[in-house]
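The values are calculated or read from the model by the stated rules, or taken from the named source; none is laboratory data. Bear in mind that the values here come from a model prediction, so they are computed numbers and not experimental data. Neighbour counts are summed over all protein chains in view; Cβ atoms, including those assigned to glycine, are modelled from backbone coordinates with ideal geometry.
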Amino acid sequence: METSKKRDAAIAERAREWVRRLASGEAGAADLDALKAWLADDPAHASAFERERGFWQDLEPHRALFTQAAPIPAVRDRRATRRVWNRTGAKRVAASAIAASLLLAVTGPSLLLHLRADHLTAAGEVRTFALPDKSTAVLDTGSAIAVHYADGERRIDLLRGRAWFNVAHGDPRPFRVAALGGVTQDIGTAFEVAREDDDAAVSVSQGVVRLVAAPDAAPLILHAGERASYRKGVAKSLASAAPDRIAAWRNGELLIDDMPLGDAIREIASYRSGLTLVWADTDGKPHVSGVFRTDRPDDALAALMTRAGLSMVKLPAGTVVVR
């Protein structure tokens, strides 16, 4: 009995170490592969990890805690001889509080995303993942999904970015992808689901899907080449596209079609690992189109800047300034 307790405690501690590693934001592909191997080694490992991860998932409703500024304690000057010291101390406290707030604002959402996600990609990374039923999910740059397979359904939660799914058939359970309150259900197909801010979009490259933008919304049936978007439970059809051009990013191609310059810059910048700063007025510029390589985003930006009459300055640490 004592030996069993010690083993359970060791597994729980190891699970917590994995959670802390993911929460640090420093976990790389090798870490994720090692984690998968550890989880597959023993069902007890997976159970312990899910318990520890579940604790952090419970923090999701309290996201504001990660972005609120820390209060700055007031400093009262009771003695004149201490005023300079107090002011200096107050500045130090304020600086520390601001730094802590910025750290939480930046790392808090990322921490929760790492803990919620089963698969995710870094900036500039496009990666294919095998799902438990032999379906495949291809994640675009900076994307994340959570996988929930149960007796009644196969559900994928798109947590960030966009993903293309090739669904394996022969499994009686419906295959569904949830994003921003809407659900896309496979009816024998391959399709893409994307989300950004409050908007989501669905594009079908093969077969048919059933889109429900909200629990009480009427379903929208989409066939190969058809596209739709939804926002806050309201869906609308989009212009059709050639099925083989849907999710072209899977093949390393980024399609920009009659897009506002500012949106095109943001789209390309999502494939860069460095910071992209826009110090130019792009609102009055003509829309742009083109086909670019996702693995050469700086070349794509340079081409757009030439067309728009703007310039691009490269700074250390991979930072680029558009002006």
Problem set entry | Search result, residues across region 110-150 that are assigned to a loop (DSSP other than H, G, I, E, B), touching a residue at least 24 places away in the same chain (Cβ under 8 Å) and over 20 Å from Pro172 (Cβ atoms) | Ala117, Asp118, Thr121, Ala122, Ala123, Gly124, Val126, Asp140, Thr141, Gly142
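Of Ala317, Ala235, which residue is over 27 Å from Thr128 (Cα atoms) and modelled with pLDDT of 95 or more?
On the way: Ala317 fails: modelled with pLDDT of 95 or more.
Testing whether each residue is over 27 Å from Thr128 (Cα atoms) and modelled with pLDDT of 95 or more leaves just Ala235.
Find the residue count for region 151-173, including only residues that are part of a loop (DSSP other than H, G, I, E, B) and touching a Gly at 6+ places or on another chain (Cβ under 8 Å).
Pass one, region 151-173, residues part of a loop (DSSP other than H, G, I, E, B): 151-153, 167-173.
Those still in the list that are touching a Gly at 6+ places or on another chain (Cβ under 8 Å) too: 167, 169, 173.
Final tally of qualifying residues: 3.
Residues to consider are Gly170, Gly188, Gly161, Gly142; find the one that is under 23 Å from Gly252 (Cβ atoms), at pLDDT below 95 and small (Gly, Ala, Ser). Walk me through it before giving the result.
Details: Gly170 fails: under 23 Å from Gly252 (Cβ atoms); Gly188 fails: under 23 Å from Gly252 (Cβ atoms); Gly161 fails: at pLDDT below 95.
Going through Gly170, Gly188, Gly161, Gly142 in turn, the sole match is Gly142.
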